[in-house]
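Enquirer: Please see the structure below; I have some questions.
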Amino acid sequence: MRFHIFFISFIFILGFISCSEKKDKVSLIKEDNLEMQMIEAYNEGLEEFKKGDIFFAAKKFNEVELLYPQSLWAPRSTLMAAYVYYSQLYFTDAIIELERFLEKYQNHPNTDYVYYLLAICHYNQIVDEKKDLGEIIKAKDYFTILVDKFPNTDFAEDAKFKLQLIEEVLASKELYLANYYLDREKWIPALNRYKKIVNKYDTTIFVEEALFRLVELNYKLGLTKEAKKYTALLGYNYQSSEWYERSYKILNMNYKNPKIKQDLKKQKSLLNNFKKLFQ
């Protein structure tokens, strides 16, 4: 019993010592002037950011906005809070700050940068095109706003490039689903997915396979006219493509690649010349 009481007392003392030794950072305002208070908080935020304590840095930047929300320092501090979160890949926290910035400071000169950072935060969270498309769609929306509203900025140029990559991701998603339906002989959903790639993502690398699958599926379903239409489209745009040759073979069972014929003829000629050496 005495040992039990001693053990509890020992744990209590240890907890008291550890609590007394722990030194939490406390935000203190030393200046009396409001503007000087803001500058002090802002500079402290910068110092903490340099040290790597992004959470306390963000707290100090938010403090600036609370001290004087109508000042020029307020939107600057909100943007800095977002950036410190972004710098350490805390994208969700950064997005919250950036969305709040847009709600409060819509006409700010740095709005283009805010949209760009928002788009990048969502873009960097794209993991797999086979999974949830939420981050892809949000990134696309913000990049599109940049291109439409701020076309002459450096951010817009990068946004155009990122939008092309997003189109490739979205097209690959459609192709994945289309092939999934094809493997399970669900012809109509597969057809619709392939058509979507051809109609909506015709500049991506996946359009050639989509056209071939439309030839293949339409021919399988007895829609020869439709199959020929997609073969012609594939041939017109990608005549040297492997997919065009494969589609041509579907409609022409006796088709043989002319290059293969030439190679066989050449090999036969060499074989005959070789045989003559032993005659």
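The values are calculated or read from the model by the stated rules, or taken from the named source; none is laboratory data. All figures in this text were calculated on a predicted structure; none of them were measured in a lab. Virtual Cβ from ideal backbone geometry, glycine too; neighbours counted across all protein chains shown.
Enquirer: Could you grab me the full set of residues in region 101-153 that are within 25 Å of ALA74 (Cα to Cα) and surrounded by fewer than 12 Cβ atoms within 10 Å (Cβ to Cβ)?
Expert: Initially, region 101-153 is screened for residues within 25 Å of ALA74 (Cα to Cα), giving 101-122, 142, 145-146, 149-150, 153.
Within region 101-153, GLU103, GLN106, ASN107, PRO109 qualify.
Enquirer: Continuing with this model, one more query. Does SER247 satisfy the criteria of being modelled with pLDDT under 90, in a helix (DSSP H, G or I) and over 19 Å from LYS173 (Cα atoms)? Give the derivation first.
Expert: On the way: modelled with pLDDT under 90: yes; in a helix (DSSP H, G or I): yes; over 19 Å from LYS173 (Cα atoms): yes.
So SER247 fits the description; yes.
Enquirer: Just need a number here: residues in region 173-200 that are among the acidic types (Asp, Glu) and buried (at least 20 other Cβ atoms within 10 Å of the Cβ). I'd like the intermediate steps shown before the answer.
Expert: Restricting attention to region 173-200, the residues satisfying the condition of being among the acidic types (Asp, Glu) are 174, 183, 185.
With buried (at least 20 other Cβ atoms within 10 Å of the Cβ) added as a condition, the list becomes 174.
Going through region 173-200 one residue at a time, the tally reaches 1.
Enquirer: Going through region 81-100 one residue at a time, which ones are buried (at least 18 other Cβ atoms within 10 Å of the Cβ) and of a type in the set (D, E, K, R)?
Expert: The answer is ASP93, GLU97.
Enquirer: Next question, about the same structure. Within the set of pairs 6 or more residues apart or between chains, which connect a residue that is over 21 Å from GLU168 (Cβ atoms) inside region 102-124 to a residue that is assigned to a loop (DSSP other than H, G, I, E, B) and not basic (Lys, Arg) with Cβ atoms less than 6 Å apart?
Expert: Correct list of pairs: ASP112/PHE150; ASP112/THR153.
Enquirer: Suppose the filter is hydrophobic (A, V, I, L, M, F, W, C), at pLDDT 95 or above and under 30 Å from TYR248 (Cβ atoms); does ILE197 pass it? Before the answer, list the steps.
Expert: Values: hydrophobic (A, V, I, L, M, F, W, C): yes; at pLDDT 95 or above: yes; under 30 Å from TYR248 (Cβ atoms): yes.
The answer is yes for ILE197.
Enquirer: Can you name the condition, by its number, that SER77 falls short on among (1) out of contact with any Phe, Trp or Tyr (no Cβ under 8 Å at 6 or more places or on another chain); (2) among the hydroxyl-bearing types (Ser, Thr, Tyr); (3) at pLDDT below 95?
Expert: (1)
Enquirer: In region 201-223, what count of residues is obtained for those that are surrounded by 17 or more Cβ atoms within 10 Å (Cβ to Cβ) and among the charged types (D, E, K, R)? I'd like the intermediate steps shown before the answer.
Expert: Here is the first cut: in region 201-223, the residues surrounded by 17 or more Cβ atoms within 10 Å (Cβ to Cβ) are 201, 204, 206-219.
Next, from what is left, pick out any that are among the charged types (D, E, K, R): 208-209, 213, 216.
So the count comes out to 4.
Enquirer: Here's something else I'd like to know. Any residue in region 33-45 that's over 10 Å from PHE61 (Cβ atoms): show its pairings with residues that are among the small types (Gly, Ala, Ser) and modelled with pLDDT under 85 at Cβ separation under 7 Å, as long as the two are six or more apart or on different chains.
Expert: Sorted first by the residue in region 33-45, then by its partner, the pairs are MET38/SER71.
Enquirer: Follow-up. Can you tell me which residue in region 55-80 is surrounded by the fewest Cβ atoms within 10 Å (Cβ to Cβ), limited to those that are under 25 Å from ALA119 (Cα atoms) and among the aliphatic types (A, V, I, L, M)?
Expert: Within region 55-80, the match that is surrounded by the fewest Cβ atoms within 10 Å (Cβ to Cβ) is LEU72.
Enquirer: When region 161-202 is examined, which residues are found to be basic (Lys, Arg), within 17 Å of the chain's Cα centre (by Cα) and farther than 17 Å from LEU117 by Cβ?
Expert: Step one: list which residues in region 161-202 are basic (Lys, Arg), which gives 162, 173, 184, 186, 193, 195-196, 200.
Right, trim to within 17 Å of the chain's Cα centre (by Cα) and you get 162, 173.
Across region 161-202, the qualifying residue is only LYS173.
Enquirer: Can you name the residue in region 135-158 that is over 22 Å from PHE206 (Cβ atoms) and among the hydrophobic types (A, V, I, L, M, F, W, C) and, of all such residues, is farthest from the chain's Cα centre (by Cα)?
Expert: So the residue we want is PHE150.
Enquirer: Is there a residue being at pLDDT 90 or above, loosely packed, with under 10 Cβ neighbours inside 10 Å, closer than 24 Å to ASN124 by Cα and acidic (Asp, Glu) anywhere in region 35-54?
Expert: no
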